[in-house]
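A.B. asks: Take a look at this one; I'll ask things after.
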Amino acid sequence: MTGEDVVDGARPPATLVDVAARAGVSLKTASRALNGEPHVADETRRRVVRAAEGLAFRLNGPASMLRRGIRSTVVGFVTGDLANPFYAAIASGLEQELRGHGMQLVVASTDEDGARERELVDELVSRQVRALVVASTRASHVDMAVLQERGVRVVFVDRPPVGLQADAVLLDSAAGARVAVEHLLAHGHRRIGFVGDYSRLSTHLERLTGYGEALDAAGVTGWREWVREDRHDAASARSGMRDLLSSPEPPTAVFTSNNRVTIGALSALRGLAAPPALVGFDDFELADLLGVTVVSHEPCEMGREAARLALEPTGPGRERAARRVVIPTTLVPRGSGEVGPGVGWR
């Protein structure tokens, strides 16, 4: 293979055999030189490196390390939105657990962009991470099987894998939403609105399912007219809440599907004499001082559980069935969800 072969792109990628041939050394010497192993003369190492660069050869780092029995000390965390306190808490739990094992955490945010997520995963793997923890925004993860084959453990948090057998640490979202709506029903509400995140996200769909199941079980019909979806940030959630309140028959209570949505919805209630009852999914800073009833859980524990799964050894003879850890939720009453229709809670 020549340099021209590489440039014109017509040939397959260079192999270690090609590098060894160009450098005039044995295959074993080329491998040792590129992997930074000792007992290789400096001039020989420089010659091998120049040959590799000339052929645009890229060493398969994770596979090479695994063959030599070396494990990386880095775990990657790919999240949809690191600015969200929920994901920041997961990262904190991950780091706490990893630190005790002498491991490091690298965090990257996708801004809920599937293409960006794929790029970040590829980049982290190229940096030889030992494992990946992913809060994914993608609709399919079939292509990530190749990472598992290369010895990289993949653990999903918050959102489950689709088309891939992999470990996952998830919230009991549907059950938490059902409890929230049942709580509002018990206080006399029948018109209960829903303001939720992107409609494509599994967590949103699970919470919408729990919301609908509770209303169906109570014999409440026509509840879909009170659903506002695709409200990912505070501004769009505020708009969704205002839209609900301007309905001919506005809801007397509202369930909000995550912390960001709840904060946006609260801003829409500012100044109202009798705001609708409210229960939000996810706790958030100052929720206790504001008197907001929430469906609470432990995101730090999600991170710790994900780290434990990520650190389990991989390789031949260590295969096992994928595990799913479900983190429970708890209703925390603080006032906003404990009032009847038309009473108002502030």
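A.B. asks: Would you check which residues across region 182-201 are within 20 Å of Ser247 (Cβ to Cβ) and part of a loop (DSSP other than H, G, I, E, B) and list them?
C.D. replies: Gly188, His189, Arg190, Arg191, Gly196, Ser199
For (1) more than 10 Å from Val74 (Cα to Cα); (2) surrounded by 14 or more Cβ atoms within 10 Å (Cβ to Cβ), each residue gets a yes or a no:
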{"residue": "Arg116", "(1), (2)": "yes, yes"}
{"residue": "Arg130", "(1), (2)": "no, yes"}
{"residue": "Ala135", "(1), (2)": "yes, yes"}
{"residue": "Ser140", "(1), (2)": "yes, no"}
{"residue": "Asp143", "(1), (2)": "yes, no"}
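A.B. asks: Can you list the helices (runs of 4 or more DSSP H) lying wholly within region 1-65 that have 2 or more residues being more than 40 Å from the chain's Cα centre (by Cα) and modelled with pLDDT under 75?
C.D. replies: 3-8
A.B. asks: Can you say whether Val179 is in the same structural domain as Thr293 (by TED's automatic domain parsing), closer than 30 Å to Ser296 by Cβ and either in contact with a Leu (Cβ under 6 Å, 6 or more places away or on another chain) or not in a helix (DSSP H, G or I) (or both), as far as the supplied structure shows?
C.D. replies: yes
A.B. asks: Those residues that are out of contact with any Leu (no Cβ under 9 Å at 6 or more places or on another chain) and assigned to a loop (DSSP other than H, G, I, E, B), I need them from region 112-162; list them, please.
C.D. replies: Selection gives Asp113, Arg127, Gln128, Val129, Ala135, Ser136, Arg138, Ala139, Pro161, Val162.
A.B. asks: What number of residues in region 231-282 are closer than 20 Å to Val339 by Cβ, in a loop (DSSP other than H, G, I, E, B) and free of Cβ contacts under 8 Å to residues at least 60 places away in the same chain?
C.D. replies: Residues that pass the stated criteria total 5.
A.B. asks: Still on this structure, I have one more. Restricting attention to region 284-297, does a residue exist that is small (Gly, Ala, Ser) and within 21 Å of the chain's Cα centre (by Cα)?
C.D. replies: Within region 284-297, one or more residues are small (Gly, Ala, Ser) and within 21 Å of the chain's Cα centre (by Cα).
A.B. asks: Could you check region 89-108 and list, in sequence order, the residues that are surrounded by fewer than 20 Cβ atoms within 10 Å (Cβ to Cβ) and either assigned to a strand (DSSP E or B) or of a type in the set (Ser, Thr, Tyr) (or both)?
C.D. replies: Hits for region 89-108 are Ser92, Gln104, Val106, Val107, Ala108.
A.B. asks: Quickly run through region 223-240 and pick out the residues that are more than 24 Å from the chain's Cα centre (by Cα) and more than 17 Å from Ser199 (Cβ to Cβ).
C.D. replies: Arg238
A.B. asks: If you scan region 168-201, which residues turn out to be of a type in the set (Gly, Ala, Ser) and in contact (Cβ under 8 Å) with a residue 40 or more places away in the chain?
C.D. replies: Answer for region 168-201, where residues must be of a type in the set (Gly, Ala, Ser) and in contact (Cβ under 8 Å) with a residue 40 or more places away in the chain: Ala168, Ser173, Ala175, Gly176, Ala177, Ala180, Gly188, Gly193, Gly196.
A.B. asks: Given (1) within 16 Å of Val154 (Cα to Cα); (2) in contact (Cβ under 8 Å) with a residue 40 or more places away in the chain, where does Asp122 come up short, assuming only one miss?
C.D. replies: If we test Asp122 against (1) within 16 Å of Val154 (Cα to Cα); (2) in contact (Cβ under 8 Å) with a residue 40 or more places away in the chain, just (2) comes out false.
A.B. asks: Right, here's the next one. With respect to Arg127, determine if the residue is of a type in the set (Lys, Arg), more than 12 Å from the chain's Cα centre (by Cα) and under 21 Å from Leu309 (Cα atoms).
C.D. replies: Yes: the conditions hold for Arg127.
A.B. asks: Consider His204 carefully, then state whether it is in contact (Cβ under 8 Å) with a residue 12 or more places away in the chain and not in a loop (DSSP other than H, G, I, E, B).
C.D. replies: Yes, satisfied.
A.B. asks: Looking only at region 212-262, how many residues end up being aliphatic (A, V, I, L, M) and in contact with an Asp or Glu (Cβ under 7 Å, 6 or more places away or on another chain)?
C.D. replies: Total satisfying the criteria: 2.
A.B. asks: Report yes if Arg159 is surrounded by 15 or more Cβ atoms within 10 Å (Cβ to Cβ), in contact (Cβ under 8 Å) with a residue 24 or more places away in the chain and assigned by TED's automatic domain parsing to the domain that holds Val133, otherwise no.
C.D. replies: yes
A.B. asks: Within region 303-346, can you find the residues that are part of a loop (DSSP other than H, G, I, E, B), closer than 18 Å to Leu164 by Cα, at pLDDT 90 or above and small (Gly, Ala, Ser)?
C.D. replies: Correct list: Ala322 only.
The values are calculated or read from the model by the stated rules, or taken from the named source; none is laboratory data. Only a predicted model underlies this, so the values are computations on that prediction, with no experimental measurement involved. Glycine also receives a Cβ, built like all others from the backbone with ideal geometry; neighbour counts cover every protein chain displayed.
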